[in-house]
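What follows is a single structure, written as structure tokens, with notes after it.
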Amino acid sequence: MGALSLKQFQSPLLAPFDLELPAGECTILSGPSGSGKTRLLRALADLEPSQGEAWLDEREKQTFTGPEWRQRIGLLLAESGWWSERVGDHFKHLDEALLARLDLPIESADWEINRLSSGERQRLALLRLLSNRPEVLLLDEPTANLDARNITRVEELIESWRNQHQVAVLWVTHDLQQQQRVGRHRWRIDSGRLNLDSAVDR
Amino acid sequence: MTLIQLTPFDLSLASILVVALALLSHRLSLGIEGRLLIAALRTIVQLSLLGVVLKVLFIQSHPLLISALAIFMLLVAGYEVMARQQRHFLGIWGMGVGTLSMFISSFTVTILALTAIIQAHPWYSVQYLIPLLGMMLGNTMSGIAIALDNLTHNAWQQRQNIEARLILGHSWDAAIRDIRRTALRSGLIPIINAMAAAGVVSLPGMMTGQILAGAPPMEASKYQILIMMLIAAGTGFGATAAVWIGSKRLFDEREHLRLDRLSQPKS
């Protein structure tokens with residue numbers, strides 16, 4: 001369960017804005033490159049300083065410590081960082097069923113990070129994030145390096161996870177078809193402002 | 001045995017060797033002849049000045065004058081630590097991290113050695129305090145400079161990995177732990193190597209000096225052992241303090257990684 005609401009939130013490159021990410025629903029964020037989408041996600045996850053209020057359900061961000069907030073607000077960056085040599089070292093526990101849903105074998109726990117393809121990295125980074133049980137998901141182009149079959153797998157996994165755990169999802173993607181497939185609400189950054197893309201909100 | 005006095009002529013002979021090296025550097029276009037000559041000149045001027053200052057302090061050993069010299073040495077060492085880093089901390093922390101760590105380690109270890117081990121009278125007697133402090137500062141300075149440079153360099157290089165851990169809700173302490181360990185190890189390796197090679201490969205400076213001055217070799221050995229232990233402890237504690245303060249400074253109160261607190265690298 002997790003709804004994220006922002007009041008007069010200020011992130012780099014953007015004018016202050018209000019935004020609601022309802023629990024269990026997926027919101028699309030789009031905008032030209034360099035418009036500050038990634039910076040916005042980083043600020044929402046409290047990875048860098050920001051101003052304004054951010055509420056997770058009934059609690060304001062400042063009542064959490066930085067690590068407590070970040071553990072709940074799961075951020076998936078386009079480029080994932082890996083600090084140890086083997087895949088398994090980065091997980092509290094590796095769920096075999098989840099691995100299978102993204103077409104990864106249980107042996108992938110022993111794989112070396114350096115030998116992963118970019119697609120494997122991306123899928124494993126998503127699983128690493130989910131195994132951390134966040135209450136909100138901020139996804140920065142989570143399928144950018146994937147082939148069509150894996151895009152479908154990732155989309156289905158995120159959708160079922162969202163329904164099952166009632167997490168709010170903010171999904172950054174350029175792909176118009178994907179925007180229509182996965183998103184319920186659509187926001188767009190245009191010249192430093194965050195606007196509801198009302199024409200397509202359904 | 002008495003000390004054979006060196007004349008200015010003797011020193012000129014030795015200096016001619018450095019000038020010859022500078023000429024060679026010029027011929028081979030190594031481009032370091034300028035730096036070499038300036039460093040040599042600094043050695044001559046600084047050590048001559050120190051000789052004069054110590055001569056005055058030997059006659060007029062007022063605690064205030066001794067403290068003033070000690071603090072001056074500490075500040076120069078603090079500046080050196082900052083100057084040796086590719087990316088140093090901005091503002092007061094640039095000199096602060098190294099100076100504070102050296103103050104904590106070098107000063108306490110030196111005072112401990114003077115009061116509890118050597119037991120000179122008075123304990124701040126110039127003849128013991130300044131040489132001891134000088135050796136402590138010189139060595140801890142190197143260790144701390146290497147450790148801090150390693151810390152900030154790796155934090156910059158591995159920012160993605162540090163942030164990956166922060167994103168998952170790890171504390172700043174967990175996120176920087178591996179980098180901190182590597183930094184500390186790199187700061188301690190020179191003194192460990194020096195201790196391992198002492199007496200077999202290298203004849204350490206202080207022992208050489210005492211033997212030249214006519215001290216019995218066994219006494220010189222004992223002093224050298226004492227100094228090596230103090231330097232190892234001082235470097236270790238100093239580098240630990242520096243790396244700890246430095247790594248904490250890399251994060252703010254909400255545990256964001258704040259690489260903007262580091263300077264741009266020198267070109």
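Given H placed 1.01 Å from N in the peptide plane, which residues other than close sequence neighbours of A:Arg59 have an amide H under 5 Å from its amide H?
none
Checking a compactness column here: for chain A, what do you get for Rg(Cα) / (2.2 N^0.38 Å), N being the number of residues? If you can, show how the numbers build up before the last one.
On the way: Rg = 16.5 Å, N = 202, 2.2 N^0.38 = 16.5 Å.
Taking the Cα Rg and dividing by 2.2 N^0.38 Å, one obtains 1.00.
Please report how far the C-alpha centroid of region A:108-143 lies from that of region A:152-179, rounded to the nearest whole angstrom.
With region A:108-143 and region A:152-179 each reduced to a Cα centre, they are spaced 14 Å.
Using the Karplus equation 6.51 cos²θ - 1.76 cosθ + 1.60 (θ = phi - 60°), what ³J(HN,Hα) coupling, rounded to whole Hz, does each residue of region B:117-130 give in order, writing x for Gly and Pro?
With coefficients 6.51, -1.76 and 1.60, one gets 9, 6, 6, 6, 10, x, 4, 8, 3, 4, 4, 9, 5, 5 Hz.
When the helix-only estimate is applied to chain A (DSSP H runs of n ≥ 4, each -39,500 (n - 2.57), divided by the residue count), what is the mean residue ellipticity at 222 nm, nearest 500 deg cm²/dmol?
On the way: 6 runs with 59 residues, N = 202.
The helix-only estimate for chain A comes to -8500 deg cm²/dmol at 222 nm.
Given the C-alpha centroids of region B:213-240 and region B:165-182, what is the distance between them in whole angstrom?
Comparing the Cα centres of region B:213-240 and region B:165-182, I get a distance of 36 Å.
I need the phi-derived Karplus couplings for region A:152-169: 6.51 cos²θ - 1.76 cosθ + 1.60, θ = phi - 60°, integer Hz, Gly and Pro marked x.
Listing the rounded values in order: 4, 4, 5, 4, 5, 4, 5, 5, 5, 5, 4, 5, 5, 9, 6, 8, 7, 10 Hz.
Out of all DSSP beta bridges in chain A, what portion is antiparallel? Express it as a percent rounded to 5. All intermediate terms of the calculation are to be shown ahead of the outcome.
On the way: 16 of 34 bridges.
About 45 percent, rounded to the nearest 5.
Can you list residues from other chains, or at least 5 along the same chain, whose modelled amide H is less than 5 Å from the amide H of A:Ile28?
A:Trp171, A:Arg184, A:His185, A:Arg186, A:Trp187
If one computes P(r) from the Cα atoms of region A:1-107, what percent of pairs lie at distances over 15 Å? Could the numbers behind the result be given before it?
Numbers: 4043 of 5671 pairs.
Everything past 15 Å amounts to 71 percent.
Do any trypsin sites (Lys or Arg not before Pro) in region A:74-144 lie in a loop, going by DSSP, with at most 12 other beta-carbon atoms within 10 Å of their beta carbon, and if so which?
Working: sites: A:Arg86, A:Lys92, A:Arg101, A:Arg115, A:Arg121, A:Arg123, A:Arg128; in loops: A:Lys92.
Here the sparse-neighbourhood loop sites are A:Lys92.
If you place +1 on the Cβ of every Lys and Arg and -1 on the Cβ of every Asp and Glu, how big does the dipole about the Cα centre of the protein assembly as shown come out, in debye to the nearest 20?
Working: 44 positive and 43 negative charges, 221 e Å.
In debye, rounded to 20, the protein assembly as shown gives about 1060.
Could you run the Debye sum over the Cα atoms of region B:68-178, one equal point scatterer each and no solvent, and tell me log10 of I(q)/I(0) at q = 0.11, 0.22, 0.24 Å⁻¹, two decimals?
Here log10 of I(q) over I(0) equals -0.46, -1.09, -1.20.
Apply the Karplus curve 6.51 cos²θ - 1.76 cosθ + 1.60, θ = phi - 60°, to the phi angles in region A:104-117 and return the couplings in whole Hz, x for Gly and Pro.
These are the phi-based 3J(HN,Hα) values: 10, x, 5, 5, 4, 4, 8, 5, 8, 4, 5, 9, 6, 7 Hz.
In debye, nearest 20: dipole of chain A around its Cα centre with unit charges on the Cβ of K, R (+) and D, E (-)?
With only Lys, Arg, Asp and Glu charged at Cβ, the dipole is about 280 debye.
Assigning unit charges at the beta carbon (Lys, Arg +1; Asp, Glu -1) and nothing else, what dipole magnitude in debye, to the nearest 20, does chain B show about its Cα centre? Can you show the working numbers first?
Numbers: 19 positive and 12 negative charges, 86 e Å.
It comes to approximately 420 debye.
As a quick test, which of the pairs B:Lys55/B:Lys222; B:Lys55/B:Lys266; B:Lys55/B:Lys248 have an alpha carbon distance above 32 angstrom in this structure? Intermediate results must be reported in sequence, preceding the final value.
Working: B:Lys55/B:Lys222 26 Å; B:Lys55/B:Lys266 39 Å; B:Lys55/B:Lys248 43 Å.
Table pairs above 32 Å Cα-Cα are B:Lys55/B:Lys266; B:Lys55/B:Lys248.
Using helices alone, I'd like the mean residue ellipticity at 222 nm for chain B: each DSSP H run of four-plus residues gives -39500 (n - 2.57), total over residue count, nearest 500. Working shown, then result.
Details: 10 runs with 192 residues, N = 267.
Roughly -24500 deg cm²/dmol at 222 nm, from the helical runs in chain B.
Based on the Kirkwood radius over alpha-carbon pairs, what value in µm²/s does the Stokes-Einstein equation return for the translational diffusion coefficient of region B:1-137 at 10 °C and 1.306 mPa s? Can you show the working numbers first?
Numbers: Rh = 17.8 Å.
Calculated translational D: 89 µm²/s.
Give the span of the protein assembly as shown's Cα atoms along each principal axis, as three whole-Å numbers ordered largest to smallest.
Cα extents, longest axis first: 98, 49, 44 Å.
Run a plain Debye calculation on region B:114-258 (Cα atoms as equal point scatterers, no solvent) and give log10 I(q)/I(0) at q = 0.17 Å⁻¹, rounded to two decimals, same order as the q list.
Listed by q, the Debye log ratios stand at -0.91.
Scale the Cα Rg of chain B by the rule-of-thumb value 2.2 N^0.38 Å and send over the ratio, two decimals.
Details: Rg = 21.3 Å, N = 267, 2.2 N^0.38 = 18.4 Å.
My calculation over the Cα atoms of chain B gives 1.16.
Laboratory data are not the source of any read-out in this text; all were calculated from the coordinates shown. A quick note: this is a predicted structure, and the numbers were derived from the prediction, not measured. Reconstructed Cβ throughout: ideal geometry from the backbone, glycine too, with neighbour counts over all protein chains shown.
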